[in-house]
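Written out below as structure tokens is the structure these notes cover.
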Amino acid sequence: MKQTTVVPVLALLIAALAVVVVTGLAPPPDYTTREDENSYFIQQVGMFAVNVYKMGHMCQMYYKYTVECWSKPAGGGANYYWMVLTATNSTGAVGQYVSTVWGIPGSESKTWKLLSFSCTS
Ligand SMILES: *[C@@H]1O[C@H](CO)[C@@H](O)[C@H](O)[C@H]1NC(C)=O
């Protein structure tokens with residue numbers, strides 16, 4: 001009887017571990033608000049991050065989509081956004097990148113700031 005209950009639990013644990021390995025990335029602990037990564041707004045924030053990085057580094061990159069995004073209040077109506085996004089580089093290869101952005105929702109993109117951008121692979 002014991003054996004039959006242990007096996008499904010183990011299978012669940014293995015499945016959970018596999019999910020952690022695939023995603024691999026967690027937001028910093030203070031980023032507690034989950035954003036809707038499919039929303040137009042969050043897609044715009046992701047595109048902003050790629051475009052600013054691309055201009056600063058003179059490289060060919062194309063934003064594809066945001067995998068996940070979390071935010072934390074920055075004061076003055078602004079938020080910090082931490083996101084995992086995908087983009088293609090000059091070889092056309094799709095890579096995953098982690099970026100943090102500061103900005104006030106609804107404000108012009110020129111007031112937004114790219115704080116960090118790095119390749120995860
Ligand atoms: C392009 O992205 C792929 C996947 O992330 C990576 O392996 C490759 O080194 C990158 N190439 C350049 C030129 O950045």
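Any read-out appearing in this document is the output of simple, stated calculations on the displayed coordinates, not a laboratory observation. What you see is a predicted model; the values in this text were computed from it and never measured. Note that we place each Cβ from the backbone using ideal geometry, even for glycine, and neighbour counts take in every protein chain shown.
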Seminar exercise, completed: Given backbone amide H placed at 1.01 Å from N, residues whose amide H is under 5 Å from that of Ala74, ignoring those fewer than 5 places away on the same chain, are Asn79, Tyr80
Exercise. Cys119 versus Ile104, label points 7 Å from Cα toward the beta carbon: distance in nm?
Worked result: 3.6
